[in-house]
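Asks: Sharing a structure with you now.
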Amino acid sequence: MRIAMIGTGYVGLVSGVCFSDFGHDVVCVDKADQKIDMLQDGEVPIYEPGLDTLMAKNVAAGRLSFTTDLKAAVDGADAVFIAVGTPTRRGDGHADLTYVMAAAGEIANAITDYTVIVTKSTVPVGTNRKVHEVVTAANPKAAFDVASNPEFLREGAAIDDFMRPDRVVVGVESDRAAEVMAEIYRPLYLRDFPILTTDLESAEMIKYAANAFLATKITFINEIAGLCERVGGDVKEVARGIGLDGRIGNKFLHAGPGYGGSCFPKDTAALARIGQEHAHPMQITETVIRVNDEVKKRMTEKIRDACDDSFNGKTVAILGVTFKPNTDDMRDAPSLTIVPALIGGGAKVRVVDPQGKAEGEALLPGVEWAEDPYEAAKDADAVVLLTEWNEFRALNLEELAGAMKTARMVDLRNIYAESKALKSGFESYVGVGR
């Protein structure tokens with residue numbers, strides 16, 4: 001199959017590379033000359049484990065290429081995927097569809113034969129029908145169908161998620177479009193991965209419902225963690241106890257400093273807005289958003305308590321600032337709430353993160369960047385574990401504590417046991433939900 005992928009951001013690039021590895025002929029399109037130049041030179045503009053190797057393999061095989069020429073890429077394509085950004089619109093929380101509709105208009109003027117136009121971007125319910133209207137208005141003679149194909153990629157594990165998905169969701173309105181999509185995903189169908197074919201609206205809703213539910217699980221266990229701290233329970237044991245129930249499951253039950261990233265904050269806000277527009281408030285989702293913000297603030301207070309109730313004049317080492325490990329993504333990361341609060345309170349903040357510096361330098365002004373945890377902790381009053389990178393899971397705690405002015409650990413990911421920290425020389429240890 002011939003595929004054009006419009007947009008080389010996280011979703012577009014990962015999807016395009018993986019489709020080419022299926023054996024399809026894929027052209028990835030972007031308006032940013034600099035990004036396309038990088039890709040043509042074999043450089044990957046995002047951090048995703050294994051993506052550079054897979055991209056190089058398929059470029060060498062002649063199945064994958066990059067261009068700024070949308071018309072040339074779309075001409076003769078069996079399917080054109082729209083994978084542009086849908087950021088939260090300022091003021092109302094809704095997804096901004098400006099880039100999606102602009103892409104739809106350009107595609108309309110470029111298709112020359114029957115084409116399936118596939119929305120890969122996360123879009124509100126009803127967007128695919130609007131895409132159909134935009135294409136028809138721009139090119140009334142165009143032969144096309146619109147399909148919805150939401151992505152479910154976890155940053156840091158995106159290639160495995162694409163190649164071994166829990167499910168593939170395809171929303172279509174014609175048998176012809178369904179056949180094209182089935183051929184595109186045939187390698188997964190042959191390996192018995194579930195392919196769910198449904199209508200457009202259901203496909204759009206599945207994406208938002210899935211992310212809102214996962215965000216709810218995270219927020220629920222964070223609320224339970226807060227209560228555990230008051231009553232003397234251990235949230236790790238509670239999470240294990242409820243996670244063994246097959247109806248609940250153990251995933252997304254890890255207490256911490258709140259969710260962030262490119263999907264959950266944006267998609268929960270958009271779902272809440274969709275509910276408001278249709279006079280059906282999404283009360284659980286709205287509460288999840290509010291509680292998640294409160295969780296981040298509560299983590300700041302934990303750190304303040306560890307610093308004798310004041311940040312002024314204190315040095316705090318922060319281990320990890322990306323919203324999760326194995327990514328360089330800083331979008332809505334808890335660090336963007338916590339670190340400015342420390343600096344605003346008068347603290348000197350040192351930061352170490354394996355991939356966070358590229359984005360973090362602009363987003364976290366006023367911090368010092370260290371090369372490793374031990375450098376960050378030198379003469380510090382407290383060390384805070386904020387992102388659970390593997391590099392932070394097996395630290396030499398004796399060396400870490402020995403480098404500090406006052407050896408206090410605030411473990412917001414519950415990586416270490418209090419007994420181990422105290423035995424290693426820390427004078428105090430604070431976890432979450434313990």
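The values are calculated or read from the model by the stated rules, or taken from the named source; none is laboratory data. Note that this is a predicted model, so its numbers are computed, not measured. Backbone-built Cβ (ideal geometry, glycine too); neighbour counts: all protein chains shown. All accessible areas refer to the heavy atoms of the entire protein, side chains included, with ligands and DNA or RNA removed. Shrake-Rupley method; radii C 1.70, N 1.55, O 1.52, S 1.80 Å.
Asks: Would you give the gap between the C-alpha center of region 311-325 and the C-alpha center of region 358-427, rounded to a whole Å?
Replies: When both Cα centres are located, 8 Å separates them.
Asks: Could you work out the relative contact order of region 94-229? I mean the mean sequence separation of Cα pairs under 8 Å and 6+ apart, divided by the number of residues, in percent.
Replies: 23
Asks: Along the charge dipole of the chain, pointing to its positive end and built from +1/-1 on Cβ of Lys, Arg, Asp and Glu, which listed residue (Val169, Ser15, Val26) has its Cα farthest out?
Replies: Val169
Asks: Below 8 Å between Cα atoms, with a sequence gap of 6+, how large is the relative contact order for region 174-287 in percent?
Replies: Over region 174-287, the number comes to 24 percent.
Asks: In terms of modelled amide H atoms, which long-range or inter-chain residues lie less than 5 Å from the amide H of Trp369?
Replies: Under 5 Å from the amide H of Trp369: Val351.
Asks: Using helices alone, what [θ] at 222 nm do you get for the chain, with -39,500 (n - 2.57) per DSSP H run of 4 or more residues, divided over all residues and rounded to the nearest 500?
Replies: -13500 deg cm²/dmol
Asks: So how tilted is helix 335-344 from the main axis of the chain? Cα-based, degrees 0 to 90, rounded to 10.
Replies: Here the helix axis deviates by roughly 40 degrees.
Asks: Report the rotationally averaged projected area of region 319-371 based on its alpha-carbon convex hull, in square nanometres.
Replies: Hull-based average projected area comes out at 3.2 nm².
Asks: What are the extents of the Cα atoms of region 1-61 along their three principal axes, listed from largest to smallest and rounded to whole Å?
Replies: Over region 1-61, Cα extents along the principal axes are 27, 22, 19 Å.
Asks: I need the shape label for region 215-257. Rule: rounded when a/c is under 1.5, else prolate if a/b > b/c, else oblate, with a, b, c from the alpha carbon gyration tensor.
Replies: oblate
Asks: Further, regarding this structure: Among DSSP bridges having both ends in the chain, what percentage is antiparallel? Round to the nearest 5.
Replies: 5
Asks: Pairing the Cα long axis of helix 98-108 with the longest principal axis of the chain, what angle in degrees results, from 0 to 90 and rounded to the nearest 10?
Replies: In the chain, helix 98-108 runs at an angle near 20 degrees to the longest axis.
Asks: To continue, here is another question. Please report, in debye to the nearest 20, how large the charge dipole of the chain is about its Cα centre when each Lys and Arg carries +1 at its beta carbon and each Asp and Glu carries -1 there.
Replies: That gives the chain a dipole magnitude of about 860 debye.
Asks: Something else now. Taking amide H atoms as placed 1.01 Å from N in the peptide plane, list the residues 5 or more away in sequence, or in a different chain, whose amide H sits under 5 Å from that of Val384.
Replies: Here the answer is Ala317, Ile318, Leu319, Val410, since their amide H atoms fall under 5 Å of that of Val384.
Asks: Using packing as a proxy for protection, rank 354-362, 97-105, 11-19, 112-120 so that the peptide with the highest average count of other Cβ atoms within 10 Å comes first.
Replies: Numbers: 354-362: 17.1, 97-105: 20.0, 11-19: 25.6, 112-120: 21.7.
Highest mean packing first, the order is 11-19, 112-120, 97-105, 354-362.
Asks: Residue by residue through region 241-252, what is 3J(HN,Hα) from phi via Karplus (6.51 cos²θ - 1.76 cosθ + 1.60, θ = phi - 60°)? Round to whole Hz and write x for glycine and proline.
Replies: My calculation for region 241-252 gives x, 7, x, 6, 6, x, 6, 9, x, 9, 7, 6 Hz in order.
Asks: What are the principal axis extents of the Cα atoms in region 19-169, in Å, biggest first?
Replies: Here the spans come out as 41, 36, 32 Å, largest first.
Asks: Right, another one. Using the Karplus curve 6.51 cos²θ - 1.76 cosθ + 1.60 with θ = phi - 60°, work out ³J(HN,Hα) for each residue of region 404-415 in order, rounded to whole Hz, and write x for Gly and Pro.
Replies: 8, 5, 10, 7, 10, 10, 10, 9, 7, 10, 6, 6
Asks: Evaluate the Debye formula for region 155-279 with equal point scatterers sitting on the alpha carbons, no solvent, and hand back log10 of I(q)/I(0) at q = 0.11, 0.12, 0.16, 0.20 Å⁻¹, in q order, two decimals.
Replies: Summing over Cα pairs of region 155-279 leads to -0.55, -0.64, -0.99, -1.20.
Asks: Between Ser419 and Asp33, what FRET efficiency comes out of the Förster formula 1/(1 + (r/R0)^6) with R0 = 41 Å and r the beta carbon distance, rounded to 0.05?
Replies: In this case the efficiency is close to 0.15.
Asks: From the phi of every residue in region 185-198, what ³J(HN,Hα) in whole Hz does the Karplus formula 6.51 cos²θ - 1.76 cosθ + 1.60 yield, where θ is phi - 60° and glycine or proline is x?
Replies: 9, 4, x, 7, 4, 5, 9, 6, 7, x, 10, 9, 9, 9
Asks: Something else about it: Between region 184-244 and region 40-81, what is the separation of their alpha carbon centroids in Å?
Replies: Here the two parts' Cα centres lie 31 Å apart.
Asks: What's the carbon and sulfur percent of region 215-347's accessible surface, probe 1.4 angstrom, rounded to a whole number? Before the final figure, lay out each step's value.
Replies: Working: 3180 of 6140 Å².
With neighbouring chains kept in place, the figure for region 215-347 is 52 percent.
Asks: When ligands, DNA and RNA are left out and all protein chains stay put, how many square angstrom of accessible area per residue does the chain have with a 1.4 Å probe?
Replies: 44
Asks: If you don't mind, there's one more thing I want to ask. Against the longest principal axis of the chain, how steep is helix 283-306, in degrees 0 to 90 to the nearest 10, with axes from Cα atoms?
Replies: 30
Asks: What is the distance, in nm, between label points placed 7 Å from the Cα along the Cα-to-Cβ direction at Asp52 and at Glu237?
Replies: 4.5
Asks: Can you work out the base-10 log of I(q)/I(0) for region 119-225 at q = 0.14, 0.19, 0.20, 0.22 1/Å, using the Debye formula on its C-alpha atoms alone?
Replies: So the normalised log intensities work out to -0.64, -1.02, -1.09, -1.22.
Asks: Could you tell me the relative contact order of the chain? Use alpha-carbon pairs under 8 Å, at least six residues apart, and round to a whole percent.
Replies: Normalised by residue count, the contact order of the chain is 12 percent.
Asks: To continue, here is another question. Suppose the Debye formula is applied to equal point scatterers at every Cα of the chain; what is log10 I(q)/I(0) at q = 0.12 Å⁻¹?
Replies: -1.03
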